[in-house]
Amino acid sequence: GAVVSQHPSWVICKSGTSVKIECRSLDFQATTMFWYRQFPKQSLMLMATSNEGSKATYEQGVEKDKFLINHASLTLSTLTVTSAHPEDSSFYICSARYPGTDPQYFGPGTRLLVL
Amino acid sequence: DAKTTQPTSMDCAEGRAANLPCNHSTISGNEYVYWYRQIHSQGPQYIIHGLKNNETNEMASLIITEDRKSSTLILPHATLRDTAVYYCIVRETSGSRLTFGEGTQLTVNP
């Protein structure tokens with residue numbers, strides 16, 4: 001299967017700072033990438049769909065000004081959590097798929113802790 | 001996308017087959033059944049998917065009933081590393097959204 005990486009795997013930051021998380025498709029070009037969030041003991045929740053060269057589509061209830069998504073190339077999407085607060089502490093996971101095909105392949109996740 | 005129902009948890013002995021059921025009684029004709037699993041603190045891993053025929057790959061087999069209202073994921077020889085939460089998801093292949101439910105916590109015991 002395809003390989004998707006995320007960086008960093010762990011990040012601890014102070015409240016009010018911004019954090020950038022990278023998602024890369026290592027062996028294929030992904031026109032579409034997805035960002036999920038998972039709180040402890042809960043399932044994954046889709047936050048947004050990232051399309052290369054265009055604006056991301058956000059799920060209802062997700063603040064687009066807080067969670068900035070940039071999909072600048074066919075192998076890289078970034079999620080920036082702006083002015084992070086403790087309630088943003090979570091496990092952030094991205095996924096990608098080959099253009100027009102299935103399935104989605106997931107990255108290993110990034111654990112964010114905001115103090 | 002159709003909703004799925006899975007048992008909350010299951011246990012299996014190492015070396016035995018693990019059979020994980022999933023009900024999707026409201027599935028429509030163009031919706032596929034996907035299985036993913038998530039090992040603790042990792043991203044989900046794709047296992048298998050199918051439309052109406054049974055499918056098999058190096059990881060598992062997927063058995064879909066003739067009326068497509070339920071399916072079973074079979075891990076033929078479960079190992080301790082198969083301990084994970086298994087998610088059954090139904091959606092159109094053309095759609096982008098994967099909606100994760102609570103899944104089944106499979107624990108493989110020595």
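The values are calculated or read from the model by the stated rules, or taken from the named source; none is laboratory data. Worth saying up front: this structure is predicted, and the values here are computed from it rather than measured. Cβ sites come from the backbone with ideal geometry, for glycine too, and all protein chains shown count toward neighbours.
Considering each residue of the stretch A:101-115, count those that are touching a residue at least 40 places away in the same chain (Cβ under 8 Å) and either closer than 27 Å to B:Tyr32 by Cα or more than 10 Å from chain B (Cβ to nearest Cβ) (or both), and give that number.
First, pick out the residues of the stretch A:101-115 that are touching a residue at least 40 places away in the same chain (Cβ under 8 Å): A:104-115.
Still in the list and also either closer than 27 Å to B:Tyr32 by Cα or more than 10 Å from chain B (Cβ to nearest Cβ) (or both): A:104-109, A:112-115.
The qualifying residues number 10.
Can you tell me which of B:Ser41, B:Ser94 is within 11 Å of another protein chain (Cβ to nearest Cβ), farther than 22 Å from A:Arg97 by Cβ and modelled with pLDDT under 95?
B:Ser41
For A:Pro103, state whether it is at pLDDT below 95, surrounded by 13 or more Cβ atoms within 10 Å (Cβ to Cβ) and not in a strand (DSSP E or B).
Details: at pLDDT below 95: yes; surrounded by 13 or more Cβ atoms within 10 Å (Cβ to Cβ): yes; not in a strand (DSSP E or B): yes.
Yes, satisfied.
What are the residues in the stretch A:1-40 that are in a loop (DSSP other than H, G, I, E, B), closer than 19 Å to B:Ser41 by Cβ and among the hydroxyl-bearing types (Ser, Thr, Tyr), if any?
Step one: of the stretch A:1-40, the residues in a loop (DSSP other than H, G, I, E, B) are A:1-3, A:8-9, A:14-18, A:26-31, A:39-40.
Next cut, closer than 19 Å to B:Ser41 by Cβ only: A:3, A:8-9, A:39-40.
Residue satisfying the conditions is A:Ser9 alone.
Could you check how many residues of the stretch A:74-89 are part of a strand (DSSP E or B) and buried (at least 21 other Cβ atoms within 10 Å of the Cβ)? Break it down stepwise before answering.
First, the residues of the stretch A:74-89 that are part of a strand (DSSP E or B): A:76-81.
The next check asks that each one be buried (at least 21 other Cβ atoms within 10 Å of the Cβ); those that pass are A:77, A:79, A:81.
Final tally of qualifying residues: 3.
Exactly one condition in (1) under 15 Å from the mean Cα position of the chain (by Cα); (2) surrounded by 15 or more Cβ atoms within 10 Å (Cβ to Cβ); (3) closer than 25 Å to B:Glu92 by Cα is not met by A:Lys55; state its number.
Result: A:Lys55 passes all but (2).
Criterion first (touching a residue at least 60 places away in the same chain (Cβ under 8 Å), in a loop (DSSP other than H, G, I, E, B) and crowded, with 18+ Cβ neighbours inside 10 Å) does A:Ala96 satisfy it?
no
Would you mention how many residues in the stretch B:51-110 are polar (S, T, N, Q) and over 21 Å from B:Ser41 (Cβ atoms)? Walk me through it before giving the result.
Within the stretch B:51-110, the subset polar (S, T, N, Q) is B:53-54, B:56-57, B:61, B:65, B:70-72, B:79, B:83, B:93-94, B:96, B:99, B:104-105, B:107, B:109.
Still in the running and over 21 Å from B:Ser41 (Cβ atoms): B:53-54, B:56-57, B:61, B:65, B:70-72, B:93-94, B:96, B:99.
Total meeting the criteria: 13.
Just a yes or no: is a residue in the stretch A:15-27 closer than 13 Å to A:Leu74 by Cβ, more than 14 Å from the chain's Cα centre (by Cα) and not hydroxyl-bearing (Ser, Thr, Tyr)?
As a first pass, look at the stretch A:15-27 and keep what is closer than 13 Å to A:Leu74 by Cβ: A:23-27.
Filter again for more than 14 Å from the chain's Cα centre (by Cα), leaving A:26-27.
Adding the requirement that they be not hydroxyl-bearing (Ser, Thr, Tyr) leaves A:26-27.
For the stretch A:15-27, residues closer than 13 Å to A:Leu74 by Cβ, more than 14 Å from the chain's Cα centre (by Cα) and not hydroxyl-bearing (Ser, Thr, Tyr): present.
Could you pull out every one of the strands (runs of 3 or more DSSP E) wholly within chain B that has 2 or more residues that are closer than 30 Å to A:Pro8 by Cβ? Steps first, please.
On the way: elements: B:9-13, B:18-23, B:31-38, B:45-50, B:61-64, B:70-75, B:84-92, B:104-109.
Filter on chain B gives B:31-38, B:45-50, B:84-92, B:104-109.
If a residue must be under 10 Å from the mean Cα position of the chain (by Cα) and either within 14 Å of chain B (Cβ to nearest Cβ) or free of Cβ contacts under 8 Å to residues at least 12 places away in the same chain (or both), how many such residues does the stretch A:80-93 contain?
So the answer is 3.
Inspect the stretch A:25-43 for any residue being on the phi > 0 side of the Ramachandran plot, within 14 Å of chain B (Cβ to nearest Cβ) and surrounded by fewer than 21 Cβ atoms within 10 Å (Cβ to Cβ) and give the result as yes or no.
Yes: the stretch A:25-43 contains one or more residues that are on the phi > 0 side of the Ramachandran plot, within 14 Å of chain B (Cβ to nearest Cβ) and surrounded by fewer than 21 Cβ atoms within 10 Å (Cβ to Cβ).
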